[in-house]
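Reading through the structure tokens given below for one structure.
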Amino acid sequence: MCSPGNRVHKHCTEFTSTSCVPCSDSTFLDEPNGLTACILCTNNCDPGFGLTVKQPCRPSSDTVCGTLEGFYCLDPTKDGCRAAQRHSSCKPGQYISHTGTTSTDTVCADCPEAYHVIGLGYKFLLTLSVIQVTCERSFSTLKFTKHRLRSTLILRSLGGIMLMTTEKEILMVLDTDDVIDRVAEKNCCDAS
């Protein structure tokens, strides 16, 4: 019989005792045994499945997997875990009642109605300031355009430039070649 981490090299005879040798790299035996070959270590601690190596393979023990941060074990083993799942995320209007651990999922509970209304009010207030700043920026640009370019542009052109300045997002997605072709067609037809 060989001790854990060792395998039989030569069985005993009536004249000799059993000869044992250590398990080689990536193999193990975790109990006293009479085997002539060690067991291949498992390499199934896949981070894609929420697992990480908790303890690498040793001659006397197989690889032990643990869970990654943010995951909990679905299939526990004696020392580790075979399968893990990401902790649940709470939905809007819920809060974390119990934080998830390596063995339990996150528990969510519904927020009291007042907190949900306060959250909506807060979002509304934050949105208002962004809208106001965008609006002020547009008027500032219009003022600049009006004062700087008034002397060189006729009123019709000034209106177009002001519109392009305030609606910059729309202007940026236009195909400039298409616009040039349309203006050329219009000028060509107007000239005849």
Criterion: surrounded by 12 or more Cβ atoms within 10 Å (Cβ to Cβ), of a type in the set (A, V, I, L, M, F, W, C) and more than 21 Å from Thr102 (Cα to Cα) - qualifying residue of Cys12, Cys65: Cys12
Within segment 46-66, tally of residues that are out of contact with any Gly (no Cβ under 6 Å at 6 or more places or on another chain) and either at positive phi or part of a strand (DSSP E or B) (or both): 6
Residue list for segment 25-44, filter: out of contact with any Leu (no Cβ under 6 Å at 6 or more places or on another chain), outside any strand (DSSP E or B) and closer than 30 Å to Ala84 by Cα: Asp25, Ser26, Leu29, Asp30, Glu31, Cys41, Thr42, Asn43, Asn44
Number of positions in segment 45-73 that are more than 12 Å from Ala84 (Cα to Cα) and either touching a residue at least 60 places away in the same chain (Cβ under 8 Å) or not hydrophobic (A, V, I, L, M, F, W, C) (or both): 9
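Let's see how each residue does on (1) in the same structural domain as Thr101 (by TED's automatic domain parsing); (2) touching a strand residue (DSSP E or B) at 6+ places or on another chain (Cβ under 6 Å):
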{"position": "Pro32", "(1), (2)": "no, no"}
{"position": "Leu35", "(1), (2)": "no, yes"}
{"position": "Leu51", "(1), (2)": "yes, yes"}
{"position": "Lys54", "(1), (2)": "yes, yes"}
{"position": "Pro59", "(1), (2)": "yes, yes"}
{"position": "Val64", "(1), (2)": "yes, yes"}
{"position": "Thr67", "(1), (2)": "yes, yes"}
{"position": "Cys73", "(1), (2)": "yes, yes"}
{"position": "Lys78", "(1), (2)": "yes, no"}
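The values are calculated or read from the model by the stated rules, or taken from the named source; none is laboratory data. Because the structure is a prediction, the values reported are computed rather than measured. Cβ: placed from backbone, ideal geometry, glycine included. Neighbour counts: every protein chain shown.
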